[in-house]
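S.K.: Can you read through this structure? Questions will come right after.
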Amino acid sequence: MALEAAGHLSEETLSLWKREQARLKALLVDRDTEAWQRDPAFSGLQRVGGVDVSFVKGDSVSACASLVVLTYPELEVVYEDSRMISLTAPYISGFLAFREMPFLVDAVHRLQEKEPNLMPQVLLVDGNGVLHHQGLPCIGVAKKLLQVEGLENNAAHKEKIQLLHAGGDTFPLMGGSGTVLGMALKSHDHSTKPLYISVGHKISLEAAVRLTHCCCRFRIPEPVRQADIRSREYIRRTLGLSGPPVPGQERNQKGPKSKAHPKGGSAEPAEENRHPEDPSKGPGTDPEAP
DNA sequence: GCGACAG
DNA sequence: ATCTTGTCGC
């Protein structure tokens, strides 16, 4: 199983994890609890958060966890907390939260201490919510379909994707039991691959999908995208060039050393970000070519 | 043995 | 998650 590939995880630990997931699932609220969630324009919503973890390439332990807070509807970053972390739990499909969530929760706690006024009203997370084997409370914004409950990324599924016409179009993801586990969402007009949205906590699936769509300037909703960009950039600018030197790459860097920004656990109102465009994923574009 | 496998 | 080159388009 995936368990072995990830190391020796005791059956006891796995049982504890499953029990914890069941416990949390029982507490999960999958309906709107805030007024803004039912408002057509999300009036009252002012801050949306996003979190992500990026890894150091050769390492499965060293990573950077980022929490960002964006204004709504402008989607401008007003808070960033990026810091290196050392993961302890292995990655096991179905138990992602046990690997990454503790550090993201820490970031939320730091935000509560330092800038409580910037606490987001909703948080978008990489991964799945109830679209999950057990159903962890978290807002799910997945980029790939997790094949559970009979869901399959098969020909039929791909056909439905083809039928998605404009940004905002969706189709339900039905589990074997007939339950709607989530929605596939074409996040913008020129996106080929949909996003897989599932409810996390205290929000309805409908509102979750609508909000995710409203947060998309590109395929990935800005909160998650900014957290992703910034966590990777943080790694690149700190230990990015400290990796083991490659034999055939002895180039000299004589340029002036850029001032080491006091980012050690940065939690600063990220002000810049005044560039009109930037599919800053790779040099080209995302896997989104029409 | 083979297929699956969010990040 | 990460590696990885070029290509097309605004």
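Read-outs: derived from the displayed coordinates by stated rules, not from any lab. Note that the structure is predicted; figures quoted are calculated from it, not measured. Neighbour counts run over all protein chains shown; Cβ positions are idealised from the backbone, glycine included.
S.K.: From the phi angles alone, apply the Karplus equation (6.51, -1.76, 1.60; θ = phi - 60°) to the range A:99-115 and give each ³J(HN,Hα) in whole Hz, x where the residue is Gly or Pro.
M.R.: Each residue of the range A:99-115 in turn: 8, 9, 4, x, 6, 6, 5, 4, 4, 5, 5, 5, 5, 4, 6, 7, 9 Hz.
S.K.: So how do A:59-68, A:96-105 stack up, highest first, on mean other-Cβ count within 10 Å? All intermediate terms of the calculation are to be shown ahead of the outcome.
M.R.: Working: A:59-68: 21.0, A:96-105: 19.5.
So the peptides A:59-68, A:96-105, ranked by packing, come out A:59-68, A:96-105.
S.K.: Same structure again: Enumerate the calculated ³J(HN,Hα) couplings along the range A:178-192 in order (Karplus 6.51 cos²θ - 1.76 cosθ + 1.60, θ = phi - 60°), each rounded to whole Hz, writing x wherever the residue is Gly or Pro.
M.R.: Once rounded to whole Hz, the list reads x, 7, 7, 7, x, 9, 8, 10, 7, 6, 7, 3, 9, 9, 7.
S.K.: Put one equal scatterer on each alpha carbon of the range A:1-101, apply the Debye formula with no solvent term, and list log10 I(q)/I(0) at q = 0.16, 0.17, 0.19, 0.22 1/Å to two decimals.
M.R.: The computed values of log10 I(q)/I(0) come out as -0.93, -0.98, -1.05, -1.13.
S.K.: Highest first, please rank the peptides A:109-118, A:177-186 by the mean number of other Cβ atoms sitting within 10 Å of their residues. Before the final figure, lay out each step's value.
M.R.: Details: A:109-118: 12.7, A:177-186: 18.8.
My ranking of the peptides, most packed first, is A:177-186, A:109-118.
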